[in-house]
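Comments concern the structure below.
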């Protein structure tokens, strides 16, 4: 049994499992080489051979316990017929919503359009039999937000603006949920043996709206994944003290914490639900002494608790691969 799956399903393992969000990608020179030749990001995510190569790159370099498929949460809006492009220095740009086209997208057409994602998973699975293979999806709220907002909501976010057309929101949310479940099923069929749900913008929701837009839609996805006998990790980034309500309502197999969550506080509150992550990615841009001190702090806090070492968000582009290697050695030496 893999260390990571062991930790989630049996709440114990033969050492601290370790992997990194965004471990396959922009900080690795070998990824940058591929990216230079493949300017269209969505096309890159739909090239199954390159998906396999990129997913496996960090496993060739580092002693980590899992691969996470190289893809993007916005592959779902793309599969539903919304235009999606990635502009350098700006991020994703999504086209106008054609609700009728999205609602009427046939599941078979969706699968055919993004089938290389599943082919990529199969190819990875053939090469990394002893490692966990993580598939992933965006949570319903985060996908809804991107699809209506048309871009990253970092600036001038207004919940009422997103929520003003109630009929659109209800119909779109239903289609998003159905499609997430389908996308998860196909990833599991292709070989994913863990699923992570990224609710990257959960922290933007007003507290009174968390139940309707975050907890309950995610709970339905989690229930579906559990029915397929696959462990599920949830990452509702930025919800602070509401991590506790999220955990009790959504009931994920493991919860990934962001870097603003106090690890001591959450460990005391979660009643044994395995915890993942927490370390601020910016710490990896500092000196070795500081990295060691912070990493060892997490290890110490969770020494008697089911814990997966990870960051509180993705690896930053300016992170040196040698730093990741150094960090892994710190964790392995504590095992």
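Entry note, the chain: the mean residue ellipticity at 222 nm calculated from DSSP H runs of n ≥ 4, each adding -39500 (n - 2.57), is -14500 deg cm²/dmol after division by the residues and rounding to the nearest 500. Between the helical axis of 140-149 and the longest alpha-carbon principal axis of the chain there is an angle of about 50 degrees.
Between the range 156-229 and the range 296-316, what is the separation of their alpha carbon centroids in Å? Measuring centre to centre over Cα atoms gives 26 Å. Sorting the segments 284-291, 2-9 by their residues' average number of neighbouring beta-carbon atoms within 10 angstrom, most packed first, yields 2-9, 284-291. Seen against the Cα atoms of the chain and their longest principal axis, helix 216-227 is set at about 70 degrees.
Multiplying the residue separation of residue 14 and residue 265 by 0.36 nm and subtracting their alpha-carbon distance yields 87.8 nm. A straight chain from residue 85 to residue 155 at 0.36 nm per residue would run longer than the Cα-Cα distance by 23.3 nm. The mean sequence separation of alpha-carbon pairs under 8 Å and at least six residues apart, normalised by the residue count of the range 3-334, gives a relative contact order of 20 percent.
Every read-out reported here was derived from the displayed coordinates using simple, explicitly stated rules and does not represent laboratory data. It should be emphasised that the depicted structure is a prediction, and the values quoted were computed from it without experimental measurement. Every residue, glycine among them, receives a Cβ derived from its backbone with ideal geometry; neighbour counts consider all protein chains shown.
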